[in-house]
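Scroll down for the structure; my scribbles are underneath it.
Each value in this text was obtained by applying a stated rule to the coordinates, not by laboratory testing. From a predicted model like this one, the values you see are computed outputs, not experimental measurements. Positions of Cβ are backbone-derived with ideal geometry, glycine not excepted, and every protein chain shown enters the neighbour counts.
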Amino acid sequence: MFRTSARKESEVIAVVGGQWGDEGKGKIVDYLSADADVVIRSQGGDNAGHTVSNDLGKFALHLVPAGIFNPKTVNIIGAGVALNPKTLLKEIAELEARGVSAQNLRISPKAHLAFDYHLFLDRAQEDGRGEKKIGTTKRGIGPTYMDKAERIGLQARMLRNPDKCLQELRSVLSKKAKIFSGSAIPDEFKAEYYEGLIREAAEKFGKIIVDTEPIVHEHLGRGAKFVIEGAHGALLDLDHGTYPKVTASNSTVGGLLVGAGMPPLRLTRVVGVFKAYQTRVGEGGMPTELKNEQGDLIRERGHEYGTTTGRPRRVGFFDSVAAQYAHEINGFTDIAITKLDTLSGAGNIKICSGYKCKGQAVERFQTDDEFLIQCEPVYGGEFDGWNENISSAKNFDDLPESARQYCNAIMKAFTGAEMRFLGIGEKRSDLIECEQ
């Protein structure tokens, strides 16, 4: 698949969330990064979070790629990322305080900078939506991408020259501050507010803001292993998700390749990551949502609270209609099912095989969020739960029969893809790699 002319082939793996984010992508990226040469975070901003548990401890990453724990891996923050320098400074400081070096981190000069005025605008826009709010994390990511599209954004390259950066920022803010005509201008819209941050970021990041395309090209030439790390999930993609309740970037595999600067024909594998159930943060349709004791139990057992915001996640049964749609638009070659252990002791479980809306059958996933809100799930059957602790399982056959049946039923949504990984616990080692 995806082969061109004869040459030393690299392994290029894209890791894509198949649901509404929070699928456990960090765990899969951390596992795959153990022997990766290059890991690239390609899109999104600090509105996304990856929780990683490995031999060094438990970490919450927001901008730094999950390959940072391997000192032999080059970690790239790609051109498609909305980069908040304040967040990155804090994240690197926390990693270094715990003995994790960031010396193998590189930042694309094309990444766009997110500042506090973007957060200010994000909060104002979300609060102004009233009943039509999206559920944004209010991290300023949408306004950052708006500036990018308007061609007034500041790229990371500007941090190489802090004086020039402040000059450009002053010009941008003078135009934005006009919205406060007749009233006091908040500090977030004054360039002086950012001088200390910009100078600190310039000193810390200046030498690691480098053209990343030559790094990618060089490693491709010598048959390296790449992992491209996606943020959010396919159902939150700006173009192909449940609009308008979506994120502000393209979180499908195509968006990952663009943000990473990776030639599409070099892609060799697409790993779709799915929880063994389903969650969603924020507003929008979720036909399988459980608003009962079982949903509460799964939420608590799975620690289903946002890595970035701490907000409780909505919980529901696995939705094969949505999963099949995610597969169609990404072309998964491999499937990772995470947090299977969360369902131990959770009672009988179901898989959604279709929807109905106002009495009419709906067989395909609908990205029109207003329509999706009206859909009710149609379940293809009920599966016996299991009570065993499965965290010690070493292979698929070690799992209880009911757990194996459940996983096999999930895989029916993924024609042409193989079940590759099963997450059965929090640690890196709590992962079954299934035989092919």
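Treat the count of other C-beta atoms within 10 Å as a stand-in for reagent exposure and order 46, 187, 334 from fewest to most. Don't jump to the answer; show the numbers that get you there.
Working: 46 24, 187 12, 334 20.
Ascending Cβ contact count within 10 Å gives the list 187, 334, 46.
How large is the Kirkwood hydrodynamic radius of region 1-96, in angstrom, based on all distinct alpha carbon pairs?
Working: mean 1/r = 0.0696 Å⁻¹.
Hydrodynamic radius (Kirkwood, Cα only) of region 1-96 equals 14.4 Å.
Using Cα-Cα distances under 8 Å and only pairs 6 or more residues apart, what relative contact order does region 137-288 have, in percent?
Values: 100 pairs, mean separation 25.5, N = 152.
In percent, rounded to a whole number, it is 17.
If one computes the Cα centroid of region 88-118 and of region 335-369, what distance in Å separates the two points?
Using only Cα atoms to place each centre, the spacing works out to 37 Å.
Mind jotting down the three principal axis lengths of region 322-429 based on Cα atoms? Whole angstrom, largest first.
Sorted largest first, the three principal extents are 45, 31, 21 Å.
Can you list the lysines whose alpha carbon sits under 21 Å from that of residue 175, skipping same-chain ones fewer than 8 residues off?
148, 164, 190
What does the charge count around residue 400 come to, taking other residues whose C-beta lies under 10 Å from its C-beta (Lys +1, Arg +1, Asp -1, Glu -1)?
Details: positive: 404; negative: 384, 388, 398, 401.
After counting each charged neighbour, the total is -3.
Quick one: net charge around residue 352, please, counting Lys, Arg +1 and Asp, Glu -1 for every other residue with C-beta under 10 Å from its C-beta. Could the numbers behind the result be given before it?
Values: positive: 350; negative: 319, 376.
Net local charge, residue 352 excluded: -1.
If each residue of separation counts as 0.36 nm, what is the full-extension length gain between residue 411 and residue 217 once their alpha-carbon separation is subtracted? Could the numbers behind the result be given before it?
Values: separation 194, 0.36 × 194 = 69.84 nm, distance 3.53 nm.
In short, 66.3 nm is gained.
Hey, if you drop one equal point scatterer on each alpha-carbon of region 201-250 and run the Debye formula without solvent, what base-10 log of I(q)/I(0) do you get at q = 0.19, 0.21 Å⁻¹?
Values returned for q = 0.19, 0.21 Å⁻¹ are -0.81, -0.81.
Multiplying the sequence separation of residue 195 and residue 348 by 0.36 nm and subtracting their Cα-Cα distance, what value in nm do you get? Let's see the in-between values first.
Values: separation 153, 0.36 × 153 = 55.08 nm, distance 5.68 nm.
Additional length available on full extension: 49.4 nm.
Using every alpha carbon pair in region 112-207, what percent of pairs falls into each 5 Å bin from 0 up to the bin containing the largest distance?
2, 13, 21, 24, 20, 11, 5, 3, 1, 0
Can you tell me the alpha carbon radius of gyration of the chain divided by the globular rule-of-thumb value 2.2 N^0.38 Å?
Details: Rg = 21.8 Å, N = 436, 2.2 N^0.38 = 22.2 Å.
Its radius of gyration relative to the 2.2 N^0.38 Å reference: 0.98.
Amide H neighbours of residue 379 under 5 Å, counting only residues 5+ apart in sequence or on other chains, H built in-plane at 1.01 Å?
353
What does the net charge come to around residue 116 if you take all other residues with beta carbon closer than 9 Å to its beta carbon, with K and R at +1 and D and E at -1? Walk me through the numbers on the way to the answer.
Details: positive: 86; negative: 187, 188.
So the environment of residue 116 carries a net charge of -1.
Going Cα to Cα from residue 275, which lysines come in below 17 Å? Please leave out same-chain ones fewer than 8 positions away.
Once the sequence-local lysines are set aside, what remains near residue 275 is 25, 27, 339, 350, 412, 427.
Got the relative contact order for region 73-146 handy, in percent, Cα pairs under 8 Å and 6 or more residues apart? Walk me through the numbers before you get to the answer.
Numbers: 88 pairs, mean separation 26.2, N = 74.
After rounding, I find 35 percent.
Enter the angle in degrees (range 0 to 90, nearest 10) between the Cα long axis of helix 85-97 and the first principal axis of the Cα atoms of the chain, meaning the one along which they spread out most.
70
Return the FRET efficiency for the residue pair residue 150, residue 294: r is the Cβ-Cβ distance, R0 is 41 Å, and the value is rounded to the nearest 0.05. Mind showing how you got there, number by number?
Numbers: r = 46 Å, r/R0 = 1.12.
That pair, residue 150 with residue 294, gives E of 0.35.
Which of 327, 50, 232, 303 has the fewest other C-beta atoms within 10 Å, and how do the rest follow up to the most?
303, 327, 50, 232
With an 8 Å cut-off on Cα pairs and a minimum separation of 6 or more residues, tell me the relative contact order of the chain in percent. Each step should come with its number before you reach the end.
Working: 982 pairs, mean separation 89.8, N = 436.
Relative contact order of the chain: 21 percent.
Using Cβ counts within 10 Å as a stand-in for footprinting exposure, how do 434, 375 rank, fewest first? Intermediate values should be presented prior to the final figure.
On the way: 434 16, 375 21.
Ordered from fewest to most neighbouring Cβ atoms within 10 Å, 434, 375 come out as 434, 375.
What is the helix-to-structure angle for 162-176, meaning the angle in degrees between its Cα long axis and the longest Cα principal axis of the chain, kept from 0 to 90 and rounded to the nearest 10?
Between helix and principal axis, roughly 80 degrees.
Would you calculate the separation in nanometres between label points at residue 303 and residue 418, each defined as 7 Å from the Cα along the Cα-to-beta-carbon direction?
Going by the 7 Å Cα→Cβ label model, 3.1 nm.
I need two numbers for region 49-149: Rg to one decimal and Dmax as a whole number, Cα atoms only, in Å.
Spelled out, the Cα radius of gyration and Dmax of region 49-149 are 15.5, 49 Å.
Return the tail of the calculated pair distribution for region 217-365, meaning the percent of Cα-Cα pairs more than 25 Å apart. Provide the component values of the computation, followed by the final result.
Values: 3978 of 11026 pairs.
Value for region 217-365: 36 percent of Cα pairs lie more than 25 Å apart.
Suppose every K and R has +1 on its Cβ and every D and E has -1 on its Cβ; what is the size of the dipole of the chain about the Cα centre, in Debye to the nearest 20?
Working: 56 positive and 59 negative charges, 237 e Å.
Computed about the Cα centre, the dipole is about 1140 debye.
Give, in nm to one decimal, the length gained when the segment between residue 404 and residue 379 is fully stretched (0.36 nm per residue of separation minus the Cα-Cα distance). Could the numbers behind the result be given before it?
Details: separation 25, 0.36 × 25 = 9.00 nm, distance 1.86 nm.
Taking 0.36 nm per residue and subtracting the Cα distance, the gain is 7.1 nm.
Quick one: if the Förster radius is 30 Å, what FRET efficiency do residue 389 and residue 356 give, using the C-beta to C-beta distance and rounding to 0.05?
Values: r = 37 Å, r/R0 = 1.24.
About 0.20, to the nearest 0.05.
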